[in-house]
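Peer 1: This is the structure, below, for whatever I ask next.
The values are calculated or read from the model by the stated rules, or taken from the named source; none is laboratory data. All values reported here derive from a predicted model rather than from experimental measurement. Cβ atoms come from the backbone with ideal geometry, glycine included; neighbour counts cover every protein chain shown.
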């Protein structure tokens, strides 16, 4: 059954909401549109920019309100970021570790929606990675040492679906969203390896990788974990949580295990931010701020950043940067900071402007997203906010809009598609194994 033929069930689940009307949703869109957000941070280069959005902009973003809330998932959506394809939103939870699929048109004006279906994983490990959709298949990596491949159309009905195949990895994937390019699936693991699988599987239930990218041993030998890989111009870039950047040939090296082409070395010991690639530069966040590397390396085995961006003591950056219109956007500390993408001609650069939301402040671990002149980001103070991506003419700018979640953890990265903002979070009033939520905001909640 195609996603467009399903009808989602929308029900109020709390007694306090008993008066809420049932909402009968329309069918999901049946055709794949160019505006679909099929992978973490929109594209394989991880720029975080949807160039096709034209519904929400600086003149009307203030009218965003809650369209619907996806519930009846597992635990809190800690890091998994939603993707949108063919009228369906996919996200994973951190408790049961399952993949969840929701109809984009399941309701309006704050309706509560059940998932269309869920994808079965091992069930004893959480999933902290975002899904990716390619060729009618949804890929999501889990902490249970497997990459899962599900039919994007589900398996009929609203029950649990088994994977088409799984990929065996040497360790779990923690915060590494898969990237699919040229018929291959790339994902990082917690033991500092890049696993590459055939996107078509291997004809067996469990598949071995085509090849594996290994990180050279660094003393002291500590497993820090690889983040979400970015792919551009035949190179795969992946960060290690030790603050390093590794560049591998996307086609491999002709052997089962490949070493990096070059290594980006920072002064940091912490770096959970995935890389983003634009205009020949690789941008990454570490605990010393934003770092920028030449995407072709430096002609040496180890390369230093071209420049570093920071402001005062706000240095810790844990999201993937977004790059748009000559600017780089990244949450650093409790602020969304914006730098010139070309740097400033000095080793250390200050931001062009800084965007803050009013109210309680929290760390920004979410990766910002840009669409139609608006930048969106989650903040760990029960909110997602939007700012003018062109600034306000001053160093400090106020957010144009703020949306509320029911959990203080909003690490998920926003996806903006066809006038709807999607972001994962939770509900602190529910048990841990039932607290996962997917929030959808639209103009006037329609």
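Peer 1: Take residue 379 and tell me if it is within 17 Å of the chain's Cα centre (by Cα) and either crowded, with 23+ Cβ neighbours inside 10 Å or within 25 Å of residue 39 (Cβ to Cβ) (or both).
Peer 2: Here the answer is yes, as residue 379 does meet what is asked.
Peer 1: Go through the range 225-247 residue by residue and tally those that are assigned to a strand (DSSP E or B), more than 16 Å from the chain's Cα centre (by Cα) and farther than 18 Å from residue 266 by Cα.
Peer 2: The total comes to 3.
Peer 1: Next up: Checking residue 342 against (1) part of a loop (DSSP other than H, G, I, E, B); (2) surrounded by 17 or more Cβ atoms within 10 Å (Cβ to Cβ), only one condition comes out false. Which one?
Peer 2: The number of the failed condition is (2).
Peer 1: Identify the residue in the range 161-170 that is within 29 Å of residue 215 (Cα to Cα) and either touching a helix residue (DSSP H, G or I) at 6+ places or on another chain (Cβ under 9 Å) or surrounded by fewer than 18 Cβ atoms within 10 Å (Cβ to Cβ) (or both) and, among all such residues, is modelled with the lowest pLDDT.
Peer 2: Within the range 161-170, the match that is modelled with the lowest pLDDT is 170.
Peer 1: Provide a single number: the residues in the range 256-279 that are out of contact with any strand residue (DSSP E or B) (no Cβ under 7 Å at 6 or more places or on another chain) and modelled with pLDDT of 95 or more.
Peer 2: Total meeting the criteria: 1.
Peer 1: Test residue 242 against the stated conditions and say whether it is crowded, with 17+ Cβ neighbours inside 10 Å and at pLDDT below 90.
Peer 2: yes
Peer 1: Residue check: is residue 152 touching a helix residue (DSSP H, G or I) at 6+ places or on another chain (Cβ under 8 Å) and closer than 28 Å to residue 236 by Cβ? Steps first, please.
Peer 2: Numbers: touching a helix residue (DSSP H, G or I) at 6+ places or on another chain (Cβ under 8 Å): yes; closer than 28 Å to residue 236 by Cβ: yes.
Yes.
Residue-by-condition table, conditions (1) assigned to a loop (DSSP other than H, G, I, E, B); (2) within 19 Å of the chain's Cα centre (by Cα); (3) modelled with pLDDT of 95 or more:
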position	(1), (2), (3)
44	yes, yes, yes
53	yes, yes, yes
62	no, no, yes
67	no, no, yes
78	yes, yes, no
95	yes, yes, no
105	yes, no, yes
115	yes, no, yes
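Peer 1: Could you tell me which numbered condition residue 337 fails, if it satisfies all but one of (1) within 30 Å of residue 98 (Cα to Cα); (2) buried (at least 18 other Cβ atoms within 10 Å of the Cβ)?
Peer 2: (1)
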